[in-house]
Amino acid sequence: MVELDHSFTPTDRSWDAILDLDRIIPCVEGGRVLERESDERAKAEIKVKMGAMSMTFRGTVEVAERDDAARRAVLRVNSKDTNGTGYANADVTFTVSDGAGSIHTAARITGKAASMGEGVVATVLDALINDFTHKLAAL
């Protein structure tokens, strides 16, 4: 398991954007919504480059936990590599307070992506999340 922590500077719109899967999923580089199943669940896809390899993961993103009063939410990602037997699953916890935001990512990766090594996986995830925080701030 790879665990990463990031911070971001939230805007007035950040909390609503985090809970809006149609807005938040495309903030991940290579991410797109394939189908909305409900307000809190969507089928999605992400195309990821890891070194010389390109992989596509398809699965679901859902709002697994939501506490509006504390402005804390957990998005759960369950996905499979479309060209292999591996998967990339994660619980991404968002906390938004006045002037501060945090993202804790707990990811479980198997298959070809994991074979690259935990260091490479962590580096790729870190870059994806850093890019994501910039896009989130722009929403």
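Before moving on, here are some points about what is shown:
- Charge dipole of the chain about the Cα centre (unit charges at C-beta), most positive-ward option of ALA17, VAL121, THR95: VAL121
- Spatial separation of Cα centroids for the stretch 47-107 and the stretch 112-139, in angstrom: 10 Å
- Compactness relative to 2.2 N^0.38 Å, alpha carbon Rg of the stretch 2-138: 1.00
- Gain upon complete extension [THR9, THR123; 0.36 nm per residue less C-alpha separation]: 38.9 nm
- Cα-based shape type of the stretch 1-46, given that a ≥ b ≥ c are square roots of the gyration tensor eigenvalues and the cut on a/c is 1.5: oblate
- Shape class for the stretch 74-139: prolate, because the ratio a/c of the largest to smallest gyration tensor axis (alpha-carbon atoms, square roots of eigenvalues) is 1.5 or more and a/b beats b/c.
- Computed over the chain: relative contact order in percent, which uses C-alpha pairs under 8 Å that are six or more apart: 28 percent
- The phi-based Karplus calculation (6.51 cos²θ - 1.76 cosθ + 1.60; θ = phi - 60°) puts the 3J(HN,Hα) values of the stretch 127-139 at 5, 4, 6, 4, 4, 4, 5, 5, 5, 4, 5, 7, 6 Hz, whole numbers, x for Gly and Pro.
- Once each of the GluC sites (Glu not before Pro) sitting in a DSSP loop with at most 16 other beta-carbon atoms within 10 Å is removed, the chain keeps 41-139 as its longest stretch.
- Only lysines eight or more places from LYS112 in sequence, or on another chain, were considered; those with a Cα closer than 25 Å are LYS43, LYS47, LYS49, LYS80.
Rule-based calculations on the coordinates, nothing more; no lab input. Everything numeric in this text was worked out from a predicted model, so none of it was measured. Backbone-built Cβ (ideal geometry, glycine too); neighbour counts: all protein chains shown.
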